[in-house]
Amino acid sequence: MTDGMTNEDKLQDSEQAEREKVAAEAEEIRKETAEAAPELAEHDRIAELEKALEDATSKALYAAAETQNVRRRLEAEKVQAAAYASSAFARDMLAIKDHLDRALAAVSDELRDDNVASNFLAGIEATARELEAAFARQGIVRIQSIGEKLDPHRHQAMIEVASDSAEPGTIVDEMQAGYMLKDRLLRPALVGVAKAPE
């Protein structure tokens, strides 16, 4: 054991060398036989061709699967692009809806009693209703806020309001309505959230 190898290691090396020698002799005999027997050479050639065919078939199946995956991904992206293509336009329309709502909220009861003004207001209210109907047709819905728990995915807390009647974290005021476009947030609701009184 002066060379650092155990008897077991030497035995394994010897066995490995013997296996390699036998394999080399077998390959040499196969080559000699193949030269003398054309059918054996033909068999080897067929085996090579079958292996090449197997490799080509495997690559073709992989390429077909990859192509199908790309097609599915592109179809899903196309559907999403079509579903949410109007989001920028919808955001712009929300500003118009906000202005209409503020205008209608600012009208006094006296002005509503006036015949000329009431006809004008009826037109503005009809426009607001039509805009809401158009939003509904496009999948744009208002986010419920007052009385709901604050959801950071749909609400943006602007202030905290001390309240005895509302549980902390509950929305008690809405400064600006939020909207969803189908299942995506179009604009978060700007809200006031209850906190425990000091």
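Numbers for the structure displayed
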read-out: Tally, over region 131-164, of residues that are without any contact (Cβ under 8 Å) to a residue 24 or more places away in the chain and either over 20 Å from His99 (Cβ atoms) or of a type in the set (S, T, N, Q) (or both); value: 6
read-out: Number of the condition not met by Ala82 [criteria: (1) modelled with pLDDT under 90; (2) surrounded by 10 or more Cβ atoms within 10 Å (Cβ to Cβ)]; value: (2)
read-out: Tally of residues being among the aliphatic types (A, V, I, L, M) and not in a strand (DSSP E or B) across region 154-177; value: 2
read-out: Test: residue in region 40-60 that is among the small types (Gly, Ala, Ser), outside the structural domain of Glu174 (by TED's automatic domain parsing), under 25 Å from Leu186 (Cβ atoms) and assigned to a helix (DSSP H, G or I); value: no
read-out: Only one of Glu125, Glu130 that is under 24 Å from Met175 (Cβ atoms), among the charged types (D, E, K, R) and under 44 Å from the mean Cα position of the chain (by Cα); value: Glu125
read-out: Residue in region 142-153 that is assigned to a helix (DSSP H, G or I) and either outside the structural domain of Arg187 (by TED's automatic domain parsing) or at pLDDT 90 or above (or both) present; value: no
read-out: Residue in region 178-189 that is farthest from the chain's Cα centre (by Cα), counting only those that are crowded, with 18+ Cβ neighbours inside 10 Å and in a loop (DSSP other than H, G, I, E, B); value: Gly178
read-out: Residue count, region 1-41 (criterion: modelled with pLDDT under 70 and of a type in the set (Ser, Thr, Tyr)); value: 2
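The values are calculated or read from the model by the stated rules, or taken from the named source; none is laboratory data. All figures in this text were calculated on a predicted structure; none of them were measured in a lab. Neighbour counts are summed over all protein chains in view; Cβ atoms, including those assigned to glycine, are modelled from backbone coordinates with ideal geometry.
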